[in-house]
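Asker: Could you have a look at this structure, given as structure tokens, before my questions?
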Amino acid sequence: MKDRAGRRRARRLAIGTAVVLALAGMNGPWLYRFGTEKYHRYQIDRPEYKAANGKWEIIEFPEEYRQNTIHAALLHTGKVLLVAGSGNDADNFDAKKYDTRIWDPVKGTIKKVPTPKDLFCTGHTQLPNGNLLIAGGTKRYEKLKGDVKKAGGLMIVHNENPDKPITIPAGTKFTGKKNGKTFVSKDAALVPRAKKKFDPKTGKFLGNTPGLYRIYVEAQKEGAKYETGTEDNYRIQGLSGDDANNTYGIAQKLALDKKDFQGIRDAFEFDPVAEKYIKVDPMHEARWYPTLTTLSDGKILSVSGLDEIGQLVPGKNEVFDPKTKKWTYTKEGRQFPTYPALFLMQNGKIFYSGSNAGYGPADKGRDPGVWDLKTNKFTKLPGMSDPDQLETSGTVLLPPAQNEKYMVIGGGGVGESKKSTNRTRLIDLKADDPRFVDGPTLDRGTRYPQASVLPDDSVLVSGGSQDYRGRSDSNILQARLYDAEKNAFGRVADPLVGRNYHSGSILLPDGRVMFFGSDSLYGDKANTKPGKFEQRIEIYTPPYLYRGSRPSLSGGPQTIERGESGTFTSREAASVKKVRLIRPSASTHVTDVDQRSVALDFEASGDKVKVTVPENRNLVQSGWYMLFVTDGEGTPSKAQWVKVP
């Protein structure tokens, strides 16, 4: 009986094996993938693997809360502000559907926030009071050649009257004196009065310099016959008397060419406690793709962007005063491409790395250097490799910030170029003769790399794509930790989601890093299917959180003045090796000029850690910071929020 039962079991086993082998012959690749993926999941979940490489985790919001996140900022409440505006979706723009979410990464809650304007491609930075300043956004979406039905372009309105400005309402008609064609203004204009010119030696009156205002106009009717090919003077209908004689328009070519995005002047503060936008005075210039950078006096510099005409703002930079909530022009201008990477140096000057995210001439404003705002002097910095591939590169202030060393990561050619570089470049601004030198290379050319400074002084570099906006399925699913002391990259676990254009990363208060966005042009290698905006968030848990218990940190003051100290409680005080004050990020378009990690002097005694904030306000700008302590294994505490007034 036993022998017959054994033979039956053997026969069933043989039949089962044959079936499996037959299925394997028909579905071998599927079975292989299933087995490989299962084994891969087993491997990456092993404790020793996570302790060496970290781990990635995808977070998918409920459908009603999903959006095309373009901007993200960490708030001092520990929550993350996720801003889409219209989310690079023209249908949303036409419907005035503008989105913002607040996400609590600890509780997992999500909240919708009313969004007052299209804050798609805005600028932002952290303010001393803990609010987030947001300025600029979208007035009009681009129209590609072929989609433009009415000829249009830039009209420069001249006012030769030195006694008064001229107001021109929206819908004003301009008729060419030579071509006889009529164009209509899209917006109202206040044309400034003319300035009187005098000979500086004799005081003799030399004439008037007209006041100028730039305005967008388009033809009354559709069709190529309304295009113009040469410059012409335009009579402004609706004016009479001296106003008609003193005020006129001049336009070059008005055509059916592609029309770029147009910017807005609107500015807001986002209040993290009330969780709402608060309107402040608008900028003088409309800006789409601007950079906002904190200055030595706590005011905010607003630079670059496309204006209300869709042209690069011509070097008209302005400053926001957080106390008065008003904007003023800087004395002299300097032009940069859009989203330039501008960082406040410890001497109060501005470092421009050359990194940028888009629009602007290839031969103007792209050289890296140091900008003295007081004198408007710009000193170029030598040594940059692949200098023609700085667009869509990333720049990070390496920790600790006191060293004033920067890394420029990857980048590509201007515009939709297929060129990209795998280089990183390093510069020490404290050196006697600062110049760029090459750092460790990446595996391949990389546009849109994300870089986040971690509490253990490493830098997480992840994502990007080899081609413009991930064309040809070129997203790079790789991540590295940069060790500044060794000047070397170490590969860690690969991300699960590709990230290119319209993506970013944010260090969270618990030491993890969140990634958002990505906006591929195409969804396949052959570039035949349209891409889909990546709405999922991905969280990377670094290796240091898998190496044992983390040091505790609690108590202590919520405010510490520069040059002053504060005492915190930690049961592991004796094991603390580093204390870092990290400014929260505000990230978009490979641009995050807020993040910096400042080393603090400290003393440990018993269960107390006494930390001291440096005195230099250019090193430690006013505002809220995350305070981390790190042990000898590189494991950080959870952050305590500290305000530096």
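Asker: Taking every pair of alpha-carbon atoms in the range 254-308, give the share separated by more than 18 Å as a whole percent.
Answerer: When all Cα pairs of the range 254-308 are counted, 49 percent exceed 18 Å.
Asker: Per the 1.4 Å probe, what fraction of the accessible area of the chain, in percent, lies on carbon and sulfur atoms?
Answerer: Roughly 50 percent of what the probe reaches on the chain is carbon or sulfur.
Asker: Can I ask one more? With only Lys, Arg, Asp and Glu charged, each at its Cβ (+1 for the first two, -1 for the last two), find how big the charge dipole of the range 510-631 is about the Cα centre; round to the nearest 20 debye.
Answerer: Using Cβ point charges on Lys, Arg, Asp and Glu, the range 510-631 gives about 260 debye.
Asker: Working only with C-alpha atoms, what are the Rg and Dmax values of the range 489-601, expressed in angstrom?
Answerer: Gyration radius and largest Cα-Cα distance of the range 489-601: 19.0, 60 Å.
Asker: Based on the Kirkwood radius over alpha-carbon pairs, what is the Stokes-Einstein translational diffusion coefficient of the range 192-320 at 20 °C with 1.002 mPa s viscosity, in µm²/s?
Answerer: 115
Asker: Along each principal axis of its Cα atoms, how long is the range 281-345 end to end? Whole angstroms, biggest number first, please.
Answerer: Ordered largest first, the range 281-345 gives principal extents of 31, 27, 19 Å.
Asker: Write down, largest first, the equivalent ellipsoid semi-axes of the range 452-514 in whole Å, where each equals the square root of 5 times an eigenvalue of the alpha-carbon gyration tensor.
Answerer: 22, 14, 9
Asker: Quick check on the range 588-629: take the gyration tensor over C-alpha atoms, sort the square-rooted eigenvalues as a ≥ b ≥ c, and tell me if it's rounded (a/c under 1.5), prolate or oblate.
Answerer: prolate
Asker: Measure up 325/364; 97/259; 150/173; 405/578; 610/643; 97/253 against 24 Å on the Cα-Cα distance and list the ones that go over.
Answerer: Distance filter (> 24 Å) returns 325/364; 97/253.
Asker: Starting from the alpha-carbon convex hull of the range 355-487, give the projected area averaged over all orientations, in nm².
Answerer: 8.6
Asker: Where the only charges are on Cβ atoms (+1 Lys, Arg; -1 Asp, Glu), what is the dipole of the chain about its Cα centre, to the nearest 20 debye?
Answerer: So the magnitude is around 1400 debye.
Asker: OK, next. Calculate the translational D of the range 545-645 in whole µm² s⁻¹ from Stokes-Einstein, where the hydrodynamic radius comes from the Kirkwood formula applied to all Cα pairs, the temperature is 20 °C and the viscosity 1.002 mPa s.
Answerer: 154
Asker: Toward the positive end of the charge dipole of the chain, about the Cα centre and with charges on Cβ (Lys, Arg +1; Asp, Glu -1), which of 493, 249, 304 goes farthest?
Answerer: Value computed over the given set: 493.
Asker: Now for a different question. Mind grabbing the accessible area of residue 326 for me, 1.4 Å probe, Å², rounded to tens?
Answerer: 110
Asker: Enter the per residue convex hull volume of the range 264-414, computed from alpha-carbon coordinates, in Å³ rounded to the nearest integer.
Answerer: 132
Asker: With an 8 Å Cα cut-off and a minimum separation of 6 or more residues, compute the relative contact order for the range 278-367 in percent.
Answerer: Result for the range 278-367 is 25 percent.
Asker: Relative contact order, percent, of the chain when contacts are C-alpha pairs under 8 Å separated by at least 6 residues?
Answerer: 12
Asker: Related question: If you scale each eigenvalue of the Cα gyration tensor by 5 and take the root, what three semi-axes come out for the range 389-452, rounded to whole angstrom and sorted largest first?
Answerer: Three semi-axes, in Å: 23, 12, 10.
Asker: Taking the alpha-carbon centroid of each part, what is the distance from the range 186-214 to the range 370-403 in angstrom?
Answerer: Between the Cα centres of the range 186-214 and the range 370-403 lies a distance of 37 Å.
Asker: So how exposed is residue 158, as accessible area in Å² (1.4 Å probe, rounded to 10)?
Answerer: 30
Asker: On to the next question. On C-alpha positions alone, give me the angle between the axis of helix 2-44 and the longest principal axis of the chain, in degrees, nearest 10.
Answerer: 30
Asker: So how do 50, 150 rank on accessible area, 1.4 Å probe, biggest first, that is with the largest at the start?
Answerer: Heavy-atom accessible area, descending, gives 150, 50.
Asker: So what is the diffusion coefficient of the range 46-155 in µm² per second by Stokes-Einstein at 37 °C and 0.692 mPa s, using a Kirkwood Rh over Cα pairs?
Answerer: Reported coefficient: 198 µm²/s.
Asker: Can you compute the helix-only [θ] at 222 nm over the chain? Use -39500 (n - 2.57) per DSSP H run of at least 4 residues, normalise by all residues, nearest 500 deg cm²/dmol.
Answerer: Theoretical 222 nm ellipticity from helices: -3000 deg cm²/dmol.
Asker: Given the whole protein assembly as supplied and a 1.4 Å probe, what does the accessible area of residue 56 come to in Å², nearest 10?
Answerer: Surface accessible to solvent at residue 56 totals approximately 20 Å².
Asker: Measure out, as a whole number of angstrom, how far apart the alpha-carbon centroids of the range 567-645 and the range 67-91 sit.
Answerer: So the separation of the two Cα centres works out to 26 Å.
Asker: With bins 20 Å wide starting at 0, give me the P(r) of the chain over every alpha carbon pair, in whole percents.
Answerer: 17, 47, 25, 9, 2, 0, 0
Asker: Run the Debye formula on the Cα coordinates of the range 134-253, all scatterers equal and no solvent, and tell me log10 I(q)/I(0) at q = 0.19, 0.20, 0.23 1/Å.
Answerer: Each listed q maps to, in turn, -1.02, -1.08, -1.29.
The values are calculated or read from the model by the stated rules, or taken from the named source; none is laboratory data. Not measured: the values here are computed from a predicted model. Every residue, glycine among them, receives a Cβ derived from its backbone with ideal geometry; neighbour counts consider all protein chains shown. Each accessible area value is taken on the protein alone, full model and side chains, heavy atoms only, with ligands, DNA and RNA left out. Shrake-Rupley method; radii C 1.70, N 1.55, O 1.52, S 1.80 Å.
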